[in-house]
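Reading through the structure tokens given below for one structure.
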Amino acid sequence: MGSVLIVGGGVAGIQAALDLAEQGIDVYLVDKAPSVGGKMAYLDKTFPTLDCASCILAPKMAALLRYPNIKLIMYSEVQEVSGRAGNFKVKILKKPTYVDWSKCNGCGVCTEKCPTKVPNEYNMGLSQRRAIYIMFPQAVPKRAVIDAEHCMRLNPPPKAKEKAKGPLCGVCERNCPTKAIRYDQQPEIVELNVDAIIIATGMELYDPRNLPELGYGKHQNVYTNLEFERLVSATGPTNGEIVRKSDGKHPKRIAWIQCVGSRDVRFNHYCSAYCCMAATKQAILAKEHLPDVDCTVYYMDIRAFGKGFNEFVERAKKEFGVRYIRGKVVRIDEIPETKNLKIVYEDTAASYLKTEEYDMVVLSMAVRPNSKLNFPVELTKDGFVQLKNPYLDPVSTTVEGIFVVGAVAGAKDIPDSVTEASAAAARAALIAKRLACPTPEVVK
């Protein structure tokens, strides 16, 4: 029985790993983050059922630890791939965590004692974490990582270093009950031989600062949809309470602006697939948290193409009173006295320029493929992985034995990503079991 490398530990990568491990195939699961989970770990609920995202994802994450033939290689990135199907040689850079994970038990004592606070990436910068941290409460593996850039011991401020007579700080080392802190840990190169590779590196959101007319980063109460997702989550920075950054008050009117950075020839010409349903879901969640809040969605077209999607939109309109306005937002201005936001938009149904005032605005950002891909595969002009045949073979790349799943091959939602993961796992399993006869294509 052979082995398969999966790059990316989101829900698609996890599903592929579980499918392969179930067949007795050795699986190496690599992710650049300290924990698996990917973007789904940031979500509160899923559409169109409004099921708890963590309740779906967490059991899959925990299941990875039950299979002895799944090896997690966290906080690591693929550097080089060579060889061919049935015999790929892969070099992986394992970044130092400065914590001995064989001793760390995830107790969190070090994260409580560390004196340095920095923006928390998991909460999209809406809260703070320590320089030593565990990514999130349900992390798998639940192990601490030291952020070397902000650690007082590893990267001391020049002035403090000059005054100090010895090493600075060391609070986490003194308080760690298992003595797991390793300040001398170095980067490590891991070399693997695998039969097949599955790319599941996922997506990132387009930078809203490229559209300055929408005021993101300048107006306090303009959020991205992923920031709002953390805001509404019980594990988020406000424990699920929807409040404004400017004054900590509950918003009375919230607007969602669709297709920000997508379906726009200036940025990304394609539809990002998930935004219409995600905005609808968030509007419903806002109404559940704040029954009196007024929710409005500004859209180009509502693309409710999946199972139960159209019914979900109709439910938002009829049961929750969510307004949908077909309009193109021109700009967002901030009212200095109240920090409220004035949206100027073209009502495309009436071909008329209008304005409305809101307490909070949420931008539904375009999907982009994760930018760093060290694989010998062809890319589309948009940066997504080129498929061999998007209609007849939607998980094969242009290189035999390397498969691709999820949003790195094109914008798509969670159910489609998971379906592709199982398909790619089945294809990779044939090669790993020596049941497939790939063409002798060598990657140099």
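The values are calculated or read from the model by the stated rules, or taken from the named source; none is laboratory data. Keep in mind that this is a model prediction, so the values were computed, not measured. Neighbour counts run over all protein chains shown; Cβ positions are idealised from the backbone, glycine included.
Here are a few things to note about the model shown:
- Residue within the stretch 112-120 that is at pLDDT 95 or above and in contact with a Gly (Cβ under 6 Å, 6 or more places away or on another chain) present: yes
- Of everything in the stretch 175-226 that is more than 15 Å from GLY261 (Cα to Cα) and without any contact (Cβ under 8 Å) to a residue 24 or more places away in the chain, the residue that is surrounded by the most Cβ atoms within 10 Å (Cβ to Cβ) is GLY217.
- Filtering the stretch 325-341 for residues that are outside any strand (DSSP E or B) and either assigned by TED's automatic domain parsing to the domain that holds ALA426 or within 19 Å of ALA273 (Cα to Cα) (or both) leaves an empty set.
- Some residue of the stretch 170-181 being within 30 Å of ILE6 (Cβ to Cβ) and under 25 Å from the mean Cα position of the chain (by Cα): no
- The set of residues from the stretch 373-391 being farther than 23 Å from SER76 by Cα and not β-branched (Val, Ile, Thr) comprises LYS381, ASP382, GLN386, LEU387, LYS388, ASN389, PRO390, TYR391.
- Counting only strands (runs of 3 or more DSSP E) that sit completely within the stretch 383-422, those holding 3 or more residues that are among the hydrophobic types (A, V, I, L, M, F, W, C), in contact (Cβ under 8 Å) with a residue 24 or more places away in the chain and not assigned by TED's automatic domain parsing to the domain that holds LYS307 correspond to 402-404.
- Residues that are modelled with pLDDT of 95 or more and of a type in the set (S, T, N, Q) occur at least once in the stretch 322-342.
- Residue match in the stretch 264-287 (condition: touching a strand residue (DSSP E or B) at 6+ places or on another chain (Cβ under 8 Å) and of a type in the set (D, E, K, R)): yes
- The stretch 330-367: number of residues that are touching a strand residue (DSSP E or B) at 6+ places or on another chain (Cβ under 6 Å) and of a type in the set (Gly, Ala, Ser): 3
- Residue among ARG427, ARG368 that alone is under 28 Å from GLU80 (Cα atoms), modelled with pLDDT of 95 or more and of a type in the set (Lys, Arg): ARG427
- Verdict on PRO376 being surrounded by 15 or more Cβ atoms within 10 Å (Cβ to Cβ) and either at pLDDT 95 or above or under 20 Å from GLU400 (Cα atoms) (or both): yes
- Qualifying residue in the stretch 113-121 (condition: hydrophobic (A, V, I, L, M, F, W, C) and closer than 30 Å to TYR216 by Cβ): yes
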